[in-house]
1. Quickly run through the stretch 70-81 and pick out the residues that are assigned to a loop (DSSP other than H, G, I, E, B) and either away from the ligand (no atom under 11 Å from the Cβ) or free of Cβ contacts under 8 Å to residues at least 40 places away in the same chain (or both).
2. Enumerate the pairs (first residue in the stretch 3-15 and more than 13 Å from residue 42 (Cβ to Cβ) and in contact (Cβ under 8 Å) with a residue 12 or more places away in the chain; second residue anywhere and in a helix (DSSP H, G or I) and among the β-branched types (Val, Ile, Thr)) with beta-carbon separation below 7 Å, excluding pairs fewer than 6 apart on the same chain, so at least 6 apart or on different chains.
3. Could you please find all residues in the stretch 50-73 being out of contact with any strand residue (DSSP E or B) (no Cβ under 9 Å at 6 or more places or on another chain) and on the phi < 0 side of the Ramachandran plot?
4. If you scan the stretch 49-69, which residues turn out to be more than 7 Å from the ligand (Cβ to nearest atom) and either farther than 16 Å from residue 5 by Cα or basic (Lys, Arg) (or both)?
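Read the figures in this text as sums done on the coordinates, not as results from a lab. Source: prediction; values computed, not measured. So basically every Cβ, Gly included, is an ideal-geometry build from the backbone, and we count neighbours across all protein chains shown.
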Amino acid sequence: MNYRMARIISLVLALAAMGCIWFLTMSEDPNILLVATTGALFISALAVHLIFYRCPHCRKRLPSRGHPGESCRKCGKKLDS
Ligand SMILES: [Zn+2]
């Protein structure tokens, strides 16, 4: 998995988790399965981000906020090459 894919997947998982939270706040009788799913989604989003959102050359983590840019800030190599 490359860093772009990791970024998209972790974003989708985080959004799904937020959707679950919204659903939990809406429901009067929150069920444990939904609470567990929400937790699992958040943990997977974080895991994908921490494990795969890295420079393909030096494996250093890319900045979490904003766009990582054209090249790695640690080793200077192009991220897409
Ligand atoms: Zn690098």
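1. Answer for the stretch 70-81, where residues must be assigned to a loop (DSSP other than H, G, I, E, B) and either away from the ligand (no atom under 11 Å from the Cβ) or free of Cβ contacts under 8 Å to residues at least 40 places away in the same chain (or both): 70, 72, 73, 74, 75, 76, 77, 80, 81.
2. The qualifying pairs are 6/48; 9/48.
3. Of everything in the stretch 50-73, those that are out of contact with any strand residue (DSSP E or B) (no Cβ under 9 Å at 6 or more places or on another chain) and on the phi < 0 side of the Ramachandran plot turn out to be 51, 52, 56, 58, 63, 64, 65, 67, 68, 73.
4. Of all residues in the stretch 49-69, those more than 7 Å from the ligand (Cβ to nearest atom) come to 49-54, 56, 59, 61-69.
Across the stretch 49-69, the qualifying residues are 54, 59, 61, 65.
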